[in-house]
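The values are calculated or read from the model by the stated rules, or taken from the named source; none is laboratory data. Remember, it's a predicted structure, so these values are computed and weren't measured experimentally. What goes into the accessible areas is simple: the full protein's heavy atoms, side chains included, and nothing from ligands, DNA or RNA. Shrake-Rupley method; radii C 1.70, N 1.55, O 1.52, S 1.80 Å.
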Amino acid sequence: MARFFFTKASNSARLLIEYQELRFSIPVTNTPTIVEWQSKHTLYRPLRILQSDRITTPLAVGIISPRIILPKTMDINNTQSISYVLTHEYFHLRRFDMLRKVFILCAVCVHWFNPLVWVMSILLNRDLEMTCDEEVLKHFGANKTTKKEYAYALIEIAEARNAYSPIRSYFSTNSAEERIISIMKYKKASCLSVAMAALLLVCFTNIFVAFACEAPLQTNYAEPYSTELLTTDGKVISRSINDSINSNYTDTRIDNTNFYGETVNCINGISGPHEESNAHMATYTNNGGTWSLKSGQTVMITLDVVPVENAEDGWSVYLGYQKDGNYTIVSNPRIFIGSTTLPITIPEDGEYNFFILNVSAGKISISSSEINIG
């Protein structure tokens, strides 16, 4: 936290010092070279060209009221050099590079603890300078003569290094050698290369979109269990949605679906031990048959779960009944180690069996199940 305030304070102090320095800049008037240049380079915002004895390299400042400030020691009558300098700064202003610098300065202040943000700030300033160099070469013609003259102008002005500024664009104070190499190697992109780059972009975009469309849907629930129901071939035939508003689940009808599972026979309503893994169903029968039940009857199913390691959170199951070959889920309870009793209300007269379906990742080990008909 102390580092954060120190960073903001130091940047604020630097901005105040620069503001005081730039206040003493004076307008450049009655200079034919600059007057002619300004007549050919206009902005929608009023552009002023000033001079100052407080700086050693040219710079561009301002967003609403842009200014190009030249050092007092610079020969403003040197048509060739001054044209390159002014055009370079002109492109900074036309592209609103100062606004980008303000944004990156804010990012550095907020994320001062992140070294990648500082690296991003340095690389952004470098890229802004190098792209402006390219704009200048395009403007004057990227021939060998222009490259040589511009490189020499860059070297001359880079000799007078100035302090780094977080919010202004200045002519060639950083990475001069890298910029000169880039200038000499610069080649205007041909129509063929632009077309090939666009084609590659379209191809890669289509590939990524195709992969995204084919990717399986992944759903993360707040509860630590899955609600996907799987058939014997691993196909998802039903998925219940966790409703975070009312914390209930949609009822699901499973028609003649063959799940991983087993038939558990109950003798006098009591079954022996059995284990159910994820997506495994245990269907309880009345000694191999069914229970004849009436509408409105209540069936109480009691499960005695054996303690296992790392099972403190319990298991989620689907509880339901089988009637006329159809499986109907009536609730989605969570059971824990020990004895748990689960009720089912019979909706209509008929022959019934009952089932539980494990929809948790862990295996449930049940020592016995008891079905009591009310």
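At-a-glance table
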{"quantity": "Accessible surface of segment 54-154 [probe 1.4 Å, protein heavy atoms]: carbon and sulfur percent", "calculated": "63 percent"}
{"quantity": "Potential lengthening between Thr298 and Val202 on full extension [0.36 nm per residue; Cα-Cα distance subtracted]", "calculated": "28.3 nm"}
